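Reviewing the structure listed below.
FYI, it's all coordinate maths here, none of it is from the lab. Given the structure is predicted, the values throughout are model-derived calculations rather than measurements. Backbone-built Cβ (ideal geometry, glycine too); neighbour counts: all protein chains shown.
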Amino acid sequence: MQKRELEVYKQQGLMVEEKDPAIGVVLGFLPGGGSFYVREYGWGVVDLLLWPMSILWDPISGANGADSINYIATKMHVNQLKQKELDELQERLRLSEIDVKQYSIEKDNIERRYSGDL
């Protein structure tokens, strides 16, 4: 579900990429590299101790960890943008620039825009 939602945000130009999954894969072939790259330091030490066997799982862990970090960063970014728009809309209602009906319509549009659904 996260991958699908992240793809929607990417299509909408809202995705934040803090970590590159491809780099996570490549670093996963080094002792503990994938885990260290995605801030999983405990697992990085374990992978370091179990190297070269950790080559079997650490590249995948590096890619999945990068995706998770990007998902969390994107969700935070999207929530900030959404909240800013909702606050501005609330202020317009408070100043009587729009009526309750228009407020409701615009609020629904904002909710839909940032829902992560196409």
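Taking the criterion of being more than 17 Å from L81 (Cβ to Cβ), surrounded by 14 or more Cβ atoms within 10 Å (Cβ to Cβ) and of a type in the set (D, E, K, R), the residues of the range 1-21 that qualify are K19, D20.
Go through the range 45-54 and report how many residues are touching a Gly at 6+ places or on another chain (Cβ under 6 Å) and either in contact (Cβ under 8 Å) with a residue 40 or more places away in the chain or over 12 Å from F29 (Cα atoms) (or both). Total satisfying the criteria: 0. Of the set (1) closer than 28 Å to G116 by Cα; (2) in a helix (DSSP H, G or I), all apply to R39 but (2). All of L95, L89, L81 fail the test of being in contact (Cβ under 8 Å) with a residue 24 or more places away in the chain and either of a type in the set (K, R) or over 23 Å from I23 (Cα atoms) (or both), apart from L81. Which of the residues that make up the range 64-78 are without any contact (Cβ under 8 Å) to a residue 60 or more places away in the chain and charged (D, E, K, R)? Passing the criteria: only K75.
Just wondering, is there one or more residues in the range 51-64 that are among the aliphatic types (A, V, I, L, M), under 25 Å from the mean Cα position of the chain (by Cα) and surrounded by 12 or more Cβ atoms within 10 Å (Cβ to Cβ)? Walk me through how you get there before you give the answer.
Let us first name the residues in the range 51-64 that are among the aliphatic types (A, V, I, L, M), namely 53, 55-56, 60, 63.
Imposing the further condition that a residue be under 25 Å from the mean Cα position of the chain (by Cα) reduces the set to 60, 63.
Adding the requirement that they be surrounded by 12 or more Cβ atoms within 10 Å (Cβ to Cβ) leaves 60, 63.
Yes, the range 51-64 has at least one match.
Residues that are buried (at least 22 other Cβ atoms within 10 Å of the Cβ) and small (G, A, S) were ranked within the range 24-43; the one that is nearest to the chain's Cα centre (by Cα) is G24.
Can you say whether L30 is free of Cβ contacts under 8 Å to residues at least 24 places away in the same chain, over 30 Å from R113 (Cα atoms) and either touching a Phe, Trp or Tyr at 6+ places or on another chain (Cβ under 9 Å) or acidic (D, E) (or both), as far as the supplied structure shows? Yes; evaluated as a whole, the condition is true for this residue.
Collect the residues in the range 98-110 that are touching a residue at least 12 places away in the same chain (Cβ under 8 Å) and within 24 Å of Y9 (Cβ to Cβ), keeping them in residue-number order. Within the range 98-110, E106, K107, I110 meet the criteria. Would you check if there is a residue in the range 55-63 being part of a loop (DSSP other than H, G, I, E, B), under 30 Å from D117 (Cα atoms), among the hydrophobic types (A, V, I, L, M, F, W, C) and in contact (Cβ under 8 Å) with a residue 24 or more places away in the chain? The answer is no, given that none of the residues of the range 55-63 is part of a loop (DSSP other than H, G, I, E, B), under 30 Å from D117 (Cα atoms), among the hydrophobic types (A, V, I, L, M, F, W, C) and in contact (Cβ under 8 Å) with a residue 24 or more places away in the chain. Exactly one residue out of S96, S104 is surrounded by fewer than 16 Cβ atoms within 10 Å (Cβ to Cβ) and either outside any helix (DSSP H, G or I) or touching a Ser or Thr at 6+ places or on another chain (Cβ under 8 Å) (or both), and it is S96.
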